Amino acid sequence: MSSRSIEAMLPHRPPFLFITESVSTDSDRAKAIWRIDGSEGFFAGHFPGNPIVPGVLVTEALAQTAGLVVGCRCAGSERSPRGFLAKVDLKFPAPAKPPCHLVLTASCTHEFGALYRFDVRASIGDATIAAGELVLSVPAADLSDPDVAPGRSGATPR
Amino acid sequence: MHVRAVRPSGRIAPEDLTSIGNVTTRDQVSAAVREIICVDLKFSGMEVTDDLKLVGGGLELDSLDLLLMVTSIEKRFGHKITQRKLGRETMSTAGSFIDFVHQELSSKE
């Protein structure tokens with residue numbers, strides 16, 4: 001999938017579009033690549049002399065990969081493919097250092113109202129950089145059902 | 001009589017949540033739902049009765065909490081819940097959710 005096709009599926013744009021290449025995408029799973037050459041601006045501060053890809057950006061890249069699946073599912077429907085990150089539960093077993101090709105995978109396990117839950121993984125070769133789950137919230141055309149809008153019913157203090 | 005094994009942490013022993021003779025009882029589902037509410041969703045000490053409302057005036061769970069309940073049940077019983085059957089009716093109260101899960105598991109068995 002070309003960068004133009006990726007931009008058709010996702011609302012993100014450089015410098016906050018981290019998917020360089022989409023290897024495969026369907027309505028259940030997506031595999032994408034983020035090519036990191038070390039010239040990215042954030043390495044100036046993270047960290048000087050010891051560049052490491054920030055975990056939050058790996059998380060965002062995985063969310064964008066999941067967004068490709070949502071884009072596939074929403075194609076031709078009334079639902080907007082523009083989702084928001086609703087929940088993240090990831091582990092980062094190893095840091096990602098440039099230059100590298102970060103392979104990103106997202107597999108949709110649940111569609112629950114406006115929520116899409118994914119098993120996700122970022123890797124370099126055989127090494128897992130990040131793995132876990134994330135949930136995207138995708139606004140429906142009609143959000144009148146409080147059961148499908150996260151937080152709409154209010155959180156009970158606990 | 002089946003005696004439930006409760007760990008010092010309050011968690012129910014995994015063997016207690018597995019099917020007995022390939023049949024999952026409603027009590028087992030009820031224990032699992034109670035544990036999810038009290039431990040996973042952090043309503044510790046909450047008395048979980050069948051008429052406890054999950055949304056709208058009871059626990060006021062949001063959709064992320066409800067999704068966690070579904071995925072937690074799936075992990076505990078190794079059964080994928082039929083998503084299209086989930087809705088306002090099946091998740092309105094603890095009892096309705098327990099009944100729904102029990103029915104799902106019974107149909108599998």
Review point. Only one of (1) more than 21 Å from B:SER63 (Cα to Cα); (2) surrounded by 13 or more Cβ atoms within 10 Å (Cβ to Cβ) fails for A:PHE16. Which number is that?
Key: (2)
Point to revise | Test set (1) in contact with an Asp or Glu (Cβ under 7 Å, 6 or more places away or on another chain); (2) within 30 Å of B:ARG84 (Cα to Cα) - A:ALA75 fails condition number | key: (1)
**Study point:** Per-region count, segment B:61-92, residues within 10 Å of chain A (Cβ to nearest Cβ), surrounded by fewer than 16 Cβ atoms within 10 Å (Cβ to Cβ) and part of a loop (DSSP other than H, G, I, E, B)
**Key:** 3
Study note, to complete from the structure: Residue hits (segment A:112-157; modelled with pLDDT of 50 or more and of a type in the set (Ser, Thr, Tyr)) are A:TYR116, A:SER123, A:THR128, A:SER137
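For (1) in contact (Cβ under 8 Å) with a residue 40 or more places away in the chain; (2) surrounded by 15 or more Cβ atoms within 10 Å (Cβ to Cβ); (3) within 14 Å of another protein chain (Cβ to nearest Cβ); (4) over 16 Å from the mean Cα position of the chain (by Cα), each residue gets a yes or a no:
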position	(1), (2), (3), (4)
A:PRO51	yes, yes, no, yes
A:ALA63	yes, yes, no, no
A:ALA75	no, no, no, yes
A:PHE84	yes, no, yes, no
A:LEU90	yes, yes, no, no
A:PRO93	no, no, no, yes
A:CYS108	yes, yes, yes, no
A:GLU133	yes, yes, yes, no
Exercise for review: Check off (1) more than 11 Å from the chain's Cα centre (by Cα); (2) more than 30 Å from B:HIS79 (Cα to Cα); (3) without any contact (Cβ under 8 Å) to a residue 24 or more places away in the chain for A:VAL56 and give me the number that stays unchecked.
Suggested key: (1)
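The values are calculated or read from the model by the stated rules, or taken from the named source; none is laboratory data. Fair warning: this is a prediction, and the values are worked out from it, not measured in the lab. Here the Cβ is made from the backbone with ideal geometry for all residues, glycine too, and neighbour counts use every protein chain on show.
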